[in-house]
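Take a look at the structure below.
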Number of protein chains: 2
Amino acid sequence: MGDKDGGGIVGVNWGSSNFRAFLIGDDGQVRDTVEQPRGIAGLDRAQMQALIAEVAARWPQATRWYASGMIGSNIGWSDAGYVDCPTGLAQLAAHLHEVRIGEVPVAIVPGLACRRAVDDAPDIMRGEETELLGLIASGHVPATGLVALPGTHSKWVRLRDGAVVDFMTAMSGEIFDRLTAAGLLASVVDGPAEAGDAFHAGLKAGHDSGLGLGTLLFGARARVIRQDLPKRDGASYLRGLLIGAELADVARLWPGALAGTLPLVGAAPVCALYAAGMAALGGHAQQILSHDAVTRGFAALHAEAVAA
Amino acid sequence: MGDKDGGGIVGVNWGSSNFRAFLIGDDGQVRDTVEQPRGIAGLDRAQMQALIAEVAARWPQATRWYASGMIGSNIGWSDAGYVDCPTGLAQLAAHLHEVRIGEVPVAIVPGLACRRAVDDAPDIMRGEETELLGLIASGHVPATGLVALPGTHSKWVRLRDGAVVDFMTAMSGEIFDRLTAAGLLASVVDGPAEAGDAFHAGLKAGHDSGLGLGTLLFGARARVIRQDLPKRDGASYLRGLLIGAELADVARLWPGALAGTLPLVGAAPVCALYAAGMAALGGHAQQILSHDAVTRGFAALHAEAVAA
């Protein structure tokens, strides 16, 4: 490819459902991308090896391979373990898990683990750590403060001087997806969620009522049946309940943490709901558009590993 | 059938998944039963009509038909509506929804609706009201006090002088079933739930932590990955979380309500978990075995309707 600044590195973001590989030049710019719906969950080891071999044939000039996500979990190629928080770039670079996937040497990024002060409960992340490194390296998120990464499993991450102090995960997105795909709550959903009145009513119930989601979620069905809630607003109300409960947990773990301006990283529709929820609770969300967070994370890890 | 005390009545308990019909003699005893996995959710109107015609041909001597459950919902044969609480036997008998299913006149029992004082939220039940009438009529539950009916959608019902004052529903069972069938939490479950140490740890977290289920349920996965929790104990821990959160809601809605001896009506395995949870929180559960609650409920309704 005539890359004047060397062969570059490969960064592979390999999750349960998707495979995304990037050829990253020594200047940190993405030269080429391979995206395929061949996630870890659907592949055996021979298939993982074959996919890496395909990409290696396409990018023979690459000098070093990195991978993050479920590839490093106990259902992936090899368990890369977890680095305990507080931790940051230097520790992750020092704990890269070196393996060979077929002929290709790959450094798998370990996950992060923490134990929260308030309830002494363990939490884990895998994949988001690389994205966070990129966001910090690029200055998209402040090196100190709370960052939210809403999604299927939303992460709330406390940073200090570029290191991760601790974090919280809420599976709000998966609960919504699975409980509305079939069963009782499928019958109360019709159309997408929006940050209107129904969302705010759900947010208030989820945040203020002190009742658990098992009771509140059934209540959505009761509201629709009793015509307190139009079915077209069902998804908005349910999202409000889940996000309200999640924000209450954030405030419980880190009192006052929602008061300032917080960076919100993720897909635009879900970020819009979280931003509305935070605004209703007196906070302010700054939505971060950063398509290159993961590749910047791999570049930062590579620079650190080379310098060490 | 030579029934010396007349033709008897038919009571049909027709839910989403199952159809159960009983021929009940004038003495309240069950003479014959038809059970089929032909629930409302899988049938169109012609199929509902055909099933009723089959049973009517088998029991030509029946003088009156009653039905309860989803047959009276907006996805059933005809919406029998809801009677507002506080309400009891006399009001339900006065609000029977009279329809014809094909050639057969059927009185469908309405559901119950309430609006709880603490959060002004609506709640609904359909089907359990007939079971409750039977439990009260037979003296299996006291006419005044709290009754628990754990299950897919657990009901907690406050009775006063045989009438339902108000109630709470938590969809703890459905949340467990759906979130462990696939996705993240399927990976932490291996075997049935038992009321041991893992259950009690979950119960304490769900009841005491003040954190929401979205955060706590993800925490179960983190515990397994961090080897705080053996996978074989995953189901017990998850059930503990859900039951702990549900019991906290009961205590929040009706302070002190869990302190006494409470009747627990339902399937033995799930009742055993609830009984253990209540015992751990200083209460005492009395498990009620009452296979004939529904038929006793139909008999009580019939006696009331005839007397009125």
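Brief remarks on what is shown
- Mean sequence separation of contacting Cα pairs (under 8 Å, at least six apart), scaled by the length of chain A, corresponds to a relative contact order of 16 percent.
- Hull volume per residue, based on the alpha-carbon atoms of the range A:170-288 and their convex hull, is 93 Å³.
- Simple spin-label estimate for B:A143 and B:Q227 gives 6.1 nm between the two label positions (7 Å along the Cα-to-Cβ direction from each Cα).
- The ellipsoid that matches the Cα gyration tensor of the protein assembly as shown has semi-axes, each √(5λ) in whole angstrom, of 54, 25, 21, with the longest given first.
- Cβ-vector label at 7 Å, A:T33, separations to other copies in nm: 6.1
- Note on B:S17 and B:E54: the extension gain reaches 11.5 nm, defined as 0.36 nm multiplied by sequence separation minus the Cα-Cα distance.
- Derived scalar couplings ³J(HN,Hα) [the range A:291-297; Karplus, 6.51 cos²θ - 1.76 cosθ + 1.60; whole Hz; x for Gly, Pro]: 6, 9, 4, 5, 5, 5, x
- Cβ charges +1 (Lys, Arg) and -1 (Asp, Glu), total dipole of chain B, debye: 580 debye
- DSSP bridge analysis restricted to the protein assembly as shown gives an antiparallel fraction near 70%, rounded to the nearest 5.
- For the range B:234-279 versus the range B:161-190, the gap between their alpha-carbon centres in whole angstrom: 12 Å
- Portion, in percent, of the accessible area of the range A:11-154 that falls on carbon or sulfur, probe 1.4 Å: 49 percent
- Chain-alone versus full-assembly comparison, the range B:202-237, residues with accessible loss of at least 30 Å² (1.4 Å probe): B:S209, B:L211, B:L213, B:G214, B:T215, B:F218, B:R221, B:A222, B:R223, B:I225, B:R226, B:D228
- By the rule of a second cysteine Cβ within less than 4.7 angstrom, chain B holds isolated cysteines at B:C271.
- Positive-pole candidate from A:L242, A:S172, A:A220, dipole of the range A:170-288, charges at beta carbon: A:A220
- DSSP bridge orientation in chain B - percent antiparallel, rounded to nearest 5: 70 percent
- Inter-copy spacing of B:G260 label points, which lie 7 Å from Cα along Cα→Cβ, given in nm from shortest upward: 5.3
- Chain B contacts chain A over a buried accessible area of about 4000 Å², both sides summed; the probe is 1.4 Å and only protein chains count.
- The range A:218-250 residues near the modelled B:R45 label - backbone nitrogen below 16 Å, point 7 Å along Cα→Cβ: none
- When the listed pairs A:K155/B:K204; A:K155/A:K204; B:K204/B:K231; A:K204/B:K231 are checked against a 29 Å cut-off, the alpha-carbon distance exceeds it for A:K204/B:K231.
- Two-site FRET efficiency, B:H284 against B:D32, from Cβ-Cβ distance with R₀ of 35 Å, rounded to 0.05: 0.35
- Helix-only mean residue ellipticity at 222 nm for chain B, each DSSP H run of n ≥ 4 adding -39500 (n - 2.57), per residue, nearest 500: -11500 deg cm²/dmol
- Accessible area of chain A divided out per residue, in Å², using a probe of 1.4 angstrom: 39 Å²
- Portion, in percent, of the accessible area of the range B:163-290 that falls on carbon or sulfur, probe 1.4 Å: 52 percent
- Principal semi-axes of the equivalent ellipsoid, √(5λ) from the alpha carbon gyration tensor of chain B, are 37, 22, 17 Å from largest down.
The values are calculated or read from the model by the stated rules, or taken from the named source; none is laboratory data. Computed from a prediction, not measured in an experiment: that's the story for all the values here. Every residue, glycine among them, receives a Cβ derived from its backbone with ideal geometry; neighbour counts consider all protein chains shown. Only protein heavy atoms, including side chains, enter the accessible area calculation; ligands, DNA and RNA are left aside. Shrake-Rupley method; radii C 1.70, N 1.55, O 1.52, S 1.80 Å.
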